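Rule-based calculations on the coordinates, nothing more; no lab input. None of the values given here were measured: they were computed from a predicted structure. Here the Cβ positions follow ideal geometry from the backbone for every residue, glycine too, while neighbour counts run over all protein chains shown.
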Amino acid sequence: MSLKIINIGQLATFNPEKGKVERSAGVEVECENGLITSVGLDLTPADKELDAEGALVTPGFVDCHTHPIFAASRADEFSQRAAGKTYQEIAATGGGIMSSVRSLMEMDEAELLEAVKRRMEKFLFLGTTTVEAKSGYGLSTESELKSLSVLSSVAEEVEVDIIPTFLGAHDFPEEFSDNKEAYIDLICQEMIPAVAEQAVAEFCDVFCEDGWFDVSSSRRILTAAREYGMKLRLHADEFKDSGAASLAAELKVSSADHLMHVSEEAISDMAQAGVVATLLPGTTFFLGKSAYAPARRFIKAGVEVAVATDYNPGSSMIQSMPFVMSLACLYMGMTVTEAFSSATYGAAKSLGREDVLGSILPGKQADIILWNINSLEEIPYYIADNRVRSVIKKGKLVHGSQ
Ligand code: NIG
Ligand code: FE
């Protein structure tokens with residue numbers, strides 16, 4: 001079945017061949033078998049037509065950093081922070097990631113599946129057509145595998161594409177607090193082989209941060225994962241410069257994420273190594289902090305920048321990529337076109353999918369948003385609103401009106 005989008009007021013997309021965002025008026029987009037077949041004027045008739053009503057059309061968003069497999073809300077921590085506590089203080093007294101580990105353990109699989117499914121439907125409603133999703137609230141072989149297996153069941157039931165990441169190295173379970181080395185052994189010798197055997201994760205990630213996994217443990221875990229054929233990403237320098245971004249460059253991981261406290265030296269290491277910087281301004285905002293990641297320094301150094309939500313119950317209850325674009329413009333000094341290409345093409349690149357995702361060009365996957373606004377500038381302008389009218393996934397209308 002072929003589908004044609006007509007009456008487009010503004011088609012905006014990053015064009016990788018030209019290295020810039022392009023806008024065109026009056027063009028049509030035709031899709032067949034899940035792919036974009038042509039973009040141009042007066043295209044041949046299709047089986048079905050979708051009228052953009054003179055409004056904006058863009059690629060679907062790619063959210064390349066989320067933690068959506070959790071059970072309970074952590075609104076209590078939001079209120080503790082509002083009363084003056086920090087994220088680290090809350091984590092040190094049994095809250096934080098460990099509180100999500102406890103609530104996940106208590107939730108049965110069917111209930112978890114329903115919760116994750118609803119979250120994925122919400123992503124689509126906000127215009128996100130691909131989601132990278134991490135485990136990491138299990139922290140035992142059984143519970144990590146449960147999270148990843150729930151995720152693969154959800155992936156079969158929802159329209160949004162899910163790219164799974166194993167994050168067993170998110171925190172240390174209580175029983176290992178006096179013997180952290182033993183938990184790292186467990187990750188390397190039992191969890192990674194089991195995750196690879198069941199083929200339930202494409203990437204392996206580590207929370208490399210002072211107080212969590214240090215650089216040498218992170219190196220060990222990522223090296224083991226690479227031996228098992230997994231691709232790599234890294235939570236790096238979120239609260240402090242701990243040398244994590246340089247490790248990301250040393251291992252040439254696909255993406256180093258957060259990076260609020262990255263050093264100048266590590267930025268140039270990342271540029272040299274071709275590591276994508278995934279910046280998560282929603283986390284800085286949600287934690288009430290002011291040190292946003294230095295987007296301009298990354299751009300100046302020639303590092304590819306992606307932006308993502310970091311959606312998770314503790315540090316970013318945010319699923320909206322348009323809102324992340326607003327924050328990128330307001331607090332990281334990015335232009336609207338930079339924020340837009342980082343939320344689409346840059347994010348696809350951080351996942352190694354830029355050949356098929358993140359732009360509207362012939363041959364790419366037909367993941368497209370029809371908006372009820374008229375220009376790119378209006379996406380970050382309508383803060384805390386949802387101006388997505390319809391979403392097309394793999395050439396099929398999956399959300400919104402005809
Ligand atoms: O990306 N930094 C580590 N992981 C998450 C927080 C997870 C949590 O607090 O539950 C993050 O911010
Ligand atoms: Fe994260």
Checklist outcome for this item: Note on the chain: C-alpha Rg/Rh, Kirkwood Rh, two decimals, gives 0.97
Checklist entry - Between ARG102 and SER401, how many nm apart are label points set 7 Å from Cα along the C-beta direction? => result 4.8 nm
Checklist outcome for this item: Restricting to Cα pairs under 8 Å and 6 or more apart, the percent relative contact order of the range 194-233 works out to 48 percent
Checklist entry - Magnitude of the Cβ-charge dipole of the chain, K/R +1 and D/E -1, about the Cα centre, nearest 20 debye? => result 940 debye
Checklist entry - So who's got an amide H within less than 5 Å of the one on GLU49, skipping anything under 5 residues away but keeping other chains? H placed 1.01 Å off N, in plane. => result LYS4
Item to check | Burial ranking of peptide ranges 25-35, 311-321 (average Cβ count within 10 Å, highest at the top) | outcome: 311-321, 25-35
Item to check | Dipole axis of the range 218-365 (+1 Lys, Arg; -1 Asp, Glu on Cβ), positive-most option in PRO362, TYR331, THR278 | outcome: PRO362
Checklist outcome for this item: Taking alpha-carbon centroids only, the range 276-355 lies from the range 1-32 a number of Å equal to 24 Å
Checklist entry - How many times 2.2 N^0.38 Å is the alpha carbon radius of gyration of the range 316-377? => result 1.18
Checklist entry - For the range 36-123, what is the per residue volume of the convex hull drawn over the alpha-carbon atoms, in cubic angstrom? => result 191 Å³
Item to check | For ALA182, net neighbour charge (Lys/Arg +1, Asp/Glu -1) across residues whose Cβ lies under 12 Å away | outcome: -4
Item to check | Percentage, to the nearest whole number, of Cα pairs in the range 211-340 over 22 Å apart | outcome: 33 percent
Checklist outcome for this item: In whole angstrom, the spacing between the Cα centers of the range 207-247 and the range 147-173 equals 19 Å
Next on the checklist: With bins 10 Å wide starting at 0, give me the P(r) of the range 147-260 over every alpha carbon pair, in whole percents.
Outcome noted: 15, 44, 33, 8, 0
Next on the checklist: What lysines does LYS289 reach when the alpha-carbon gap must be under 19 Å and sequence neighbours fewer than 8 apart in one chain are set aside?
Outcome noted: LYS85, LYS240
Next on the checklist: Students often check this: by mean Cβ neighbours within 10 Å, which of 367-377, 95-105, 73-83 ranks highest, and how do the rest follow?
Outcome noted: 367-377, 95-105, 73-83
Checklist outcome for this item: Within the range 1-47, DSSP-loop trypsin sites (Lys or Arg not before Pro) with at most 12 other C-beta atoms within 10 Å are LYS18
Checklist entry - Could you name the lysines in cross-link range of LYS231, using Cα to Cα under 21 Å and dropping any fewer than eight places away on the same chain? => result LYS134, LYS146, LYS252, LYS349
Item to check | Stokes-Einstein D (µm²/s) once Rh is taken as the Kirkwood radius of the range 1-61 over alpha-carbon pairs, at 10 °C in 1.306 mPa s | outcome: 133 µm²/s
Checklist outcome for this item: Summing -39500 (n - 2.57) over every DSSP H run of at least 4 in the chain, dividing by its residue total and rounding to the nearest 500, the 222 nm mean residue ellipticity is -10000 deg cm²/dmol
Checklist entry - What is the extension gain from SER177 to LYS289, computed as 0.36 nm multiplied by their sequence separation minus the C-alpha to C-alpha distance, in nm to one decimal? => result 37.5 nm
Checklist entry - What's the extension gain from LEU41 to ASP385 if we count 0.36 nm per residue and subtract their Cα-Cα distance? => result 120.6 nm
Checklist outcome for this item: Highest mean packing first, using Cβ neighbours within 10 angstrom, the peptides 267-276, 61-70 sort as 61-70, 267-276
